[in-house]
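Visitor: One structure is given below, represented as structure tokens, and several questions about it will come after.
The values are calculated or read from the model by the stated rules, or taken from the named source; none is laboratory data. It should be emphasised that the depicted structure is a prediction, and the values quoted were computed from it without experimental measurement. Note that we place each Cβ from the backbone using ideal geometry, even for glycine, and neighbour counts take in every protein chain shown.
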């Protein structure tokens, strides 16, 4: 079996050109009232390949000769959100809620406000 790395990589990149597009993951841009919404994706890929070759017989290793090769590729696509434009304004609307530390930091102002109000409510009224 013959393995041509150049041809395999070309076929893989041709596939990515046709499939790894925002349109194939979440669709085309669209109008929503006064807004134009453009889908945004996150894309990642990896390609790896290797080969080997052998020659003369070695004790405990067989009679000699041999070739070998292999290749692998993978990609990941994830919808992230939409860019929404209206006149000269642009906004990003995420498709998922914030998670982790960034979500905590977004809630800090509200939590501080509530704590201040609770403290104020506990103070004795001044006449």
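Visitor: Please state which of the following conditions residue 23 fails to meet, knowing it meets all the rest: (1) farther than 28 Å from residue 4 by Cβ; (2) part of a strand (DSSP E or B); (3) at pLDDT below 80.
Guide: Unmet for residue 23, out of (1) farther than 28 Å from residue 4 by Cβ; (2) part of a strand (DSSP E or B); (3) at pLDDT below 80: (2).
Visitor: Here is a follow-up. Which of the residues spanning the stretch 78-111 are modelled with pLDDT under 75 and surrounded by 10 or more Cβ atoms within 10 Å (Cβ to Cβ)?
Guide: Hits for the stretch 78-111 are 98, 103, 104, 105, 106, 107, 111.
Visitor: While we're looking at this one, here's another question. If you scan the stretch 32-59, which residues turn out to be surrounded by fewer than 10 Cβ atoms within 10 Å (Cβ to Cβ), assigned to a loop (DSSP other than H, G, I, E, B) and at pLDDT below 85?
Guide: 55, 56, 59
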